[in-house]
1. Could you give me the residue pairs with C-beta distances under 6 Å whose first residue belongs to the stretch 325-336 and is on the phi < 0 side of the Ramachandran plot, whose second residue is among the polar types (S, T, N, Q) and open to solvent by less than 60 Å² (accessible area, probe 1.4 Å) wherever it lies, and which are 6+ apart or on separate chains?
2. May I ask you to say which residue of A152, A60, A99 is over 30 Å from L234 (Cβ atoms), modelled with pLDDT under 95 and small (G, A, S)?
3. In the stretch 178-190, is there at least one residue being touching a Pro at 6+ places or on another chain (Cβ under 7 Å), part of a helix (DSSP H, G or I) and over 30 Å from L124 (Cα atoms)?
4. Check the stretch 420-427 and report whether any residue there is touching a Leu at 6+ places or on another chain (Cβ under 7 Å) and open to solvent by 20 Å² or more (accessible area, probe 1.4 Å).
5. For the stretch 84-164, list the strands (runs of 3 or more DSSP E) that sit wholly inside it and hold at least 2 residues that are hydroxyl-bearing (S, T, Y); which are they?
6. Looking at R195, R169, R219, R239 in this structure, which one is within 22 Å of R296 (Cβ to Cβ), more than 20 Å from the chain's Cα centre (by Cα) and either among the basic types (K, R) or surrounded by 18 or more Cβ atoms within 10 Å (Cβ to Cβ) (or both)?
7. How many residues are of a type in the set (S, T, Y) and under 11 Å from L430 (Cα atoms) if we restrict to the stretch 316-365?
8. Please determine whether any residue of the stretch 391-398 is among the aromatic types (F, W, Y), modelled with pLDDT under 95 and either open to solvent by less than 40 Å² (accessible area, probe 1.4 Å) or over 37 Å from the mean Cα position of the chain (by Cα) (or both).
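The values are calculated or read from the model by the stated rules, or taken from the named source; none is laboratory data. All figures in this text were calculated on a predicted structure; none of them were measured in a lab. Cβ coordinates were reconstructed from backbone atoms using ideal geometry, including for glycine residues, and neighbour counts include every protein chain displayed. In case anyone asks, the SASA skips ligands and DNA or RNA and just uses the protein heavy atoms, side chains included. Shrake-Rupley method; radii C 1.70, N 1.55, O 1.52, S 1.80 Å.
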Amino acid sequence: MLLLALGVGLFLSTQEQRLGSSVWPAYTADAVASIEIATRAERYALVREGSGWTVRVAGAEADALPTPADQSRIEALLAAIAHNRPTQNLGQAPAAELAGYGFSEPLVRILLRPVAAGQAEVLLTIGRETPTGAALYAQSSLVPEAVLLLDASILHQIDKPAEHYYDYRLLDLSTDEAQHLTVSGVSNIQWELERKDDAFVFLRPDSLKGSTVSSSEVRLFLHNLQAVSADSILPKNDRQPAGRPAFTLDILMPRAAEPLRLEVFPAGEAEQVFGRSSRHPSGFLLDRDKAKNLFRLAFDMQWRGVITFDSARVESARIYSVTGNQTLTVEKSTSGWEDREHGRKVAGLDMALWRLKELRFEAEPTSKLAYPAVQRLSLELFAKDAKVLSTYTFYADPRLPADQCWLKVGAEEVYYPVGNQIIEELQGYLPPRPVRP
């Protein structure tokens, strides 16, 4: 009996596989030239154009520009169709009965046009739910007039508005290939960078011309630009603002005749700002805080490193906390850092030294420091034979932002505002304060 049940199950499974492969399409995005979709609310087409996809809404004005489409969502649609094959073929139904299955007013109709010449297009029609609600009646042009059953869960994957397929990225940008960046304000160029080998240098402003740019800041700037998405796309060209943009970015890519362009206009009192780009020339709306985070000053882009030392030469270090009157002296060994006075290993100090070298000044340095600034902590690094490599002194100052402190390097009378998290990290290595009797 068990063998019979298994045999029946295998037979039904095989029949379902045969049903799916013979009556239902399974396309990848590379095999499709266009997908026309009609829902109860609208009609639109996903069209392969050049190297990408666009969304074209039926009934749009003749001069309306197509909106770039998100290819990953098109691939998800095709995967949903391919993986949700019919579970049953109910056979052909008389034409007079087709309306009863919901085919005269379908929930969704999808027309797939293949790339290959001579290959027939496929029309899928999704009718109403079955009385149990577990399945949908459907038709496929691969088996005309046959009534098929689909699992009802497919509906939420294919019944989507045109906006679902919009590509909300501001630019189609490959961050590693950017060659030339120009940021302009309302009246003039704010800064201009050009790639030299694997790094960037300033072309403008003149005060920074030829100086080194922070590679990490450029990467972060381009990454943020790539990651930010518009809140909504404006497919019609009827909301162009007056006046000049507050922020314009041009990015020249290799072998490109024209740069990629992004323009953001003043927000005024609105919660969203208007923007347009070479990818969305009709415009888009962007949250004002998102737009603000896109802007960078020349100061933000310059190399602002404060500390340089050769980590390989560091053999020992001393941390001294003024406020706690605590001192820690550690020495490097083959197994790591050791606090020999207290007989313990000190883990993680290499990472702290790496973060120390990554410190950047957050505003212009000063040559004088006065009350209420007070010294919090000092760090000395030593080479072999206890030779001093460098000394770093940190000062707390309530006049600075809450997350900043002053840093003095060596004997030079220059104080840099830097992030103060490094103080807490270094202080965490200090031994406990002695308990007073």
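1. What qualifies is E331/S316.
2. From the options A152, A60, A99, the qualifying one is A99.
3. no
4. Within the stretch 420-427, the first condition is being touching a Leu at 6+ places or on another chain (Cβ under 7 Å), and the residues that meet it are 422-423, 426-427.
Now narrow it down to the ones that are open to solvent by 20 Å² or more (accessible area, probe 1.4 Å): 427.
Scanning the stretch 420-427 turns up at least one residue that is touching a Leu at 6+ places or on another chain (Cβ under 7 Å) and open to solvent by 20 Å² or more (accessible area, probe 1.4 Å).
5. Filter on the stretch 84-164 gives 135-140.
6. Working: R169 fails: more than 20 Å from the chain's Cα centre (by Cα); R219 fails: more than 20 Å from the chain's Cα centre (by Cα); R239 fails: within 22 Å of R296 (Cβ to Cβ).
Going through R195, R169, R219, R239 in turn, just one is within 22 Å of R296 (Cβ to Cβ), more than 20 Å from the chain's Cα centre (by Cα) and either among the basic types (K, R) or surrounded by 18 or more Cβ atoms within 10 Å (Cβ to Cβ) (or both): R195.
7. Kept after step one, since they are of a type in the set (S, T, Y), are these residues of the stretch 316-365: 316, 320-321, 323, 327, 329, 333-335.
Adding the requirement that they be under 11 Å from L430 (Cα atoms) leaves 320-321, 327, 329.
Qualifying residue count, the stretch 316-365: 4.
8. no
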